[in-house]
1. Which ranges mark the strands (runs of 3 or more DSSP E) fully within the stretch 105-191 that have 3 or more residues being in the same structural domain as Asp256 (by TED's automatic domain parsing) and touching a residue at least 40 places away in the same chain (Cβ under 8 Å)?
2. Mind checking which residues of the stretch 257-304 are of a type in the set (Lys, Arg) and not in a strand (DSSP E or B)?
3. Given (1) in a helix (DSSP H, G or I); (2) at pLDDT below 95, identify the lone condition not met by Tyr83.
4. Does Phe51 count as assigned by TED's automatic domain parsing to the domain that holds Phe118, without any contact (Cβ under 8 Å) to a residue 60 or more places away in the chain and farther than 24 Å from Leu162 by Cβ?
5. So, in the stretch 196-226, exactly how many residues are among the small types (Gly, Ala, Ser) and under 17 Å from Glu183 (Cβ atoms)?
Amino acid sequence: MLKITKQTEYLPVQTAVTVGKFDGFHLGHQSLISAVLREKEKGYASCVVTFSTTVDKERSMIYTKKEQQLLCDMLGIDVIAEYSFEDIREMSAEQFIAEILVKRLQAKAIVVGEDFRFGKNRTGDVMLLKALEKKYGYRTVCIPKVEEKQQRVSSTGIRDLLAKGAVEEANRLLGRPYTVFGEVLHGKKLGRTLGFPTMNLIPPAEKLLPAYGVYVTRTMVDGQWYAGITNIGLRPTVDSDKQVSVETHLFDYDGDLYGKQVEVQFLHFLRPEKKFQDIVSLKEAMNEDFINAKAVLEKLSGIV
């Protein structure tokens, strides 16, 4: 997949593009991307246009920019064009169409949601896109909003669900399990001292994490899925440095994970994070977590 970050870069091929934040990569976003991918049958390269801002690293994103790129690549998107919002915020809606979408990205099909707004002061909409089709030589594809149980699918709603640990409901709106991507890092090896070795991920500050607690998860390692449990939080019983971590114990993996790129999918919330009276109580709770997790996985077998 080709990534473009500069406004001065030009694509040499005609494209079908969709434009948005894509921070949730939820069912609504996926409907836009699916429509773009269908345009490849007409010979167009598929392109996702998104934006970065100076506050991205200060706010919670369901999927970080790096994770969005991974998901686009997995779906078969050819080009991701990520522009600085600060650089284009003063562009009129028509300027954005002419200079970015048509001139630089060679857009022949522009795929947007029915409530899409763009340009300075958000003056651009689907009606404007349609009105300028002949002038700039593209076709507008308008996608209806996606609803689930008569409610619009939105990143805001998904954030609220994740904040409560309701990952199963969030996953339904995301269209795939909520995921943390990352490189396995050396931790303090506290799990190993308890008899439960874990792999340690430290997500970037902008990554939105679910409520602190223990989850049933599955992890992709070297192209293969491994079931396990994951703790998100501060490890209050055994640690005091207040660094939030994502620690996963894999049930059937025996090998060195350090330095590997992994994908951890969250399937079910088991219990909130808790400070135990002592290590013995913690180990007893973890054994119970394993039993409960395997029972959940048995029920989920064939679903995920």
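1. On the way: elements: 107-113, 139-143, 179-183.
Answer list for the stretch 105-191: 179-183.
2. Initial filter on the stretch 257-304 (of a type in the set (Lys, Arg)): 260, 271, 274-275, 283, 294, 299.
Matches in the stretch 257-304: Lys260, Lys274, Lys275, Lys283, Lys294, Lys299.
3. If we test Tyr83 against (1) in a helix (DSSP H, G or I); (2) at pLDDT below 95, just (1) comes out false.
4. So Phe51 does not fit the description; no.
5. Pass one, the stretch 196-226, residues among the small types (Gly, Ala, Ser): 205, 211, 213, 223.
Adding the requirement that they be under 17 Å from Glu183 (Cβ atoms) leaves 205, 223.
The number of residues fulfilling the criteria is 2.
The values are calculated or read from the model by the stated rules, or taken from the named source; none is laboratory data. Just so we're clear, the structure is a prediction, and the values are computed from it rather than from any experiment. Cβ: placed from backbone, ideal geometry, glycine included. Neighbour counts: every protein chain shown.
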